[in-house]
Structure formats: structure tokens, C-alpha cells
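**Q** What follows is a structure written as C-alpha cells; I'll ask about it next.
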Amino acid sequence: MQPVLEISAAGDFALWPVGEHESYGYLVLNGGLTPTEVGTAVMRIACCNDFEPEEEHGPRPTDPLGTFLHGLLTLPDLFAAGGFRVTDNATDTAFVEPGCCNGLETWRDWLEVLDGTGSSSFGHDPYSVAERVGDIVRLTLDAHGADAGPVIELSVEHVRRLVAGAQQDLQDFLSLAGTWAEQQLPAHAAAVAAALARALDLAPTQ
């Protein structure tokens, strides 16, 4: 299980160094990313939230950096396209692939599977689903597909360990991104780090 961020092509982005990626691929988030990969991830999360905030959040700044970061730093509800991907590394078979409209900010839906409602879906095309049945969690790659795609059953405790590991990967990425922001965006470092924590649902509780 890995936290993955859906990536789009950088185009002519020049506000900070980013890597070359094709659209609709995934970048695995963890503490081992290079500075360029961190920059790519921050760019993508900012792009996911590049909307005009409501009036109470103030007008966009006029400088290019301020304009680009405005939604990330002012929107109350942030989105980070992606989710937790579950793959059998031995066979390279995906059992959960984050679909369209799924975001990393909803990763705690996995806790609902384990300790709450007992089921959750993770976007569409594919319509990946996790369902708890007793002491087992059943993962289905595409519950709405013609043949549903690959299915696997794992123990609840195994899935709990996988979720904890993916959460730690997110936390490690957030720590790395905080250091990156201090170096690349010193005037906005604290605000960017706080926004990323909210976008990944890792902000400290009040």
C-alpha cells in the first residue's frame, strides 16, 4: 500500500524546479523523494486547488508565485488527486487503484473500512472498493467493471498495518516538503507546510 499523487505534465512551469512527468501517472509520496520530486508534488497539489476562493479569502496577489499559491493557502477544503494504491509487488497486480475524483485528503476512509462502516470506494474508472467481512477485508479493483477485475482478501490486522505504513509515508513526505519549502519558498514556507498538512489530512487536531 502506497500513497500516490496523480501527476500532470508540468508544461512551462518555472516557479521552482520540477520533474518531467506524463499526465495521469502517479508519484509515490514518501520520505525518499528528491527535491525535484517534492517540487513536482507541491506543484501538483497547488494545481489541484487553483480555484478562485470566495471573497472572504481576499483577492489574488498580483505576483506569479502569490497567484499560483493563492488557492492552496486560502481555500478551506483542499484536494490532492490520488489515494492509497494497493499492489501485489510479486505479480504487479493492482487491487486498489485511486480513480477519478478520489483524493489523498480522504485517506482516513480506510479507517472506516477497518473500524467504522466497513466499506469504502476510491473514485471511479476503476471503481475500487474495500469491504470488511468479519476479520477479512476484501479488495476489488473495479466493482462496476464487467468482470470486477482482480480481488484479494487480507486480514483486518494486515490491512491495519498497511494503512499505518502508508500514513507514515505521508508523514515522512510532509516533513520532507517542509524542509523543501524552507529552501525554495522561504517567505511562504510555514503557510505552505500547513496547507500541505491539511491537503493530506495530517494537520494537528485542535
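The values are calculated or read from the model by the stated rules, or taken from the named source; none is laboratory data. Note that this is a predicted model, so its numbers are computed, not measured. Here the Cβ positions follow ideal geometry from the backbone for every residue, glycine too, while neighbour counts run over all protein chains shown. Note: areas computed on protein heavy atoms with side chains; ligands, DNA, RNA excluded. Shrake-Rupley method; radii C 1.70, N 1.55, O 1.52, S 1.80 Å.
**Q** Please go through segment 176-201 and give me each residue that is under 15 Å from Asn30 (Cα atoms) and β-branched (Val, Ile, Thr), ordered by number.
**A** Answer for segment 176-201, where residues must be under 15 Å from Asn30 (Cα atoms) and β-branched (Val, Ile, Thr): just Thr179.
**Q** Continuing with the same structure: Residue by residue through segment 185-205, note down the ones that are free of Cβ contacts under 8 Å to residues at least 24 places away in the same chain and not aliphatic (A, V, I, L, M).
**A** First, the residues of segment 185-205 that are free of Cβ contacts under 8 Å to residues at least 24 places away in the same chain: 186-187, 189-190, 193-194, 197, 203-205.
Pro186, Pro204, Thr205, listed by residue number.
**Q** Could you tell me whether any residue of segment 90-113 is under 24 Å from Gly145 (Cα atoms), within 13 Å of the chain's Cα centre (by Cα), modelled with pLDDT of 95 or more and among the basic types (Lys, Arg)?
**A** No - not one qualifying residue is present in segment 90-113.
**Q** For the subset of segment 120-133 comprising residues that are open to solvent by 60 Å² or more (accessible area, probe 1.4 Å) and outside any loop (DSSP other than H, G, I, E, B), which member is farthest from Val86 (Cα to Cα)? First the steps, then the outcome.
**A** So in segment 120-133, the residues open to solvent by 60 Å² or more (accessible area, probe 1.4 Å) come out as 124-125, 127, 131-133.
Narrowing the set further to residues that are outside any loop (DSSP other than H, G, I, E, B) leaves 124, 131-133.
Values: His124: 15, Glu131: 14, Arg132: 16, Val133: 18 Å.
Ranking the qualifying residues of segment 120-133, first place goes to Val133.
**Q** If you don't mind, there's one more thing I want to ask. Please go through segment 156-190 and give me each residue that is open to solvent by less than 50 Å² (accessible area, probe 1.4 Å) and of a type in the set (Gly, Ala, Ser), ordered by number.
**A** Passing the criteria: Gly165, Ala166, Ala177, Gly178, Ala181, Ala189.
**Q** Kindly list the number of the only condition in (1) open to solvent by less than 10 Å² (accessible area, probe 1.4 Å); (2) closer than 22 Å to Ala81 by Cα that fails for Pro204.
**A** Unmet for Pro204, out of (1) open to solvent by less than 10 Å² (accessible area, probe 1.4 Å); (2) closer than 22 Å to Ala81 by Cα: (1).
**Q** I need a count of the residues in segment 59-89 that are within 14 Å of the chain's Cα centre (by Cα) and small (Gly, Ala, Ser).
**A** 4
**Q** May I pose another question? For segment 1-112, please list each of the strands (runs of 3 or more DSSP E) lying entirely inside it that holds at least 3 residues being open to solvent by less than 30 Å² (accessible area, probe 1.4 Å) and not β-branched (Val, Ile, Thr).
**A** Details: elements: 2-7, 25-28, 82-88, 93-96.
Filter on segment 1-112 gives 82-88.
**Q** Under 7 Å by Cβ, and 6 or more places apart or on different chains, what pairs join a residue from segment 64-83 that is without any contact (Cβ under 8 Å) to a residue 40 or more places away in the chain with one that is open to solvent by 10 Å² or more (accessible area, probe 1.4 Å) and aromatic (Phe, Trp, Tyr)?
**A** Gly71/Phe51; Leu75/Phe51
**Q** Also: Does Ile136 satisfy the criteria of being open to solvent by 30 Å² or more (accessible area, probe 1.4 Å), touching an Asp or Glu at 6+ places or on another chain (Cβ under 6 Å) and of a type outside the set (Lys, Arg)?
**A** yes
**Q** Going by the conditions given, is Ala199 under 30 Å from Gly66 (Cα atoms) and in contact with a Cys (Cβ under 9 Å, 6 or more places away or on another chain)? Let's see the steps before the verdict.
**A** On the way: under 30 Å from Gly66 (Cα atoms): yes; in contact with a Cys (Cβ under 9 Å, 6 or more places away or on another chain): yes.
So Ala199 fits the description; yes.
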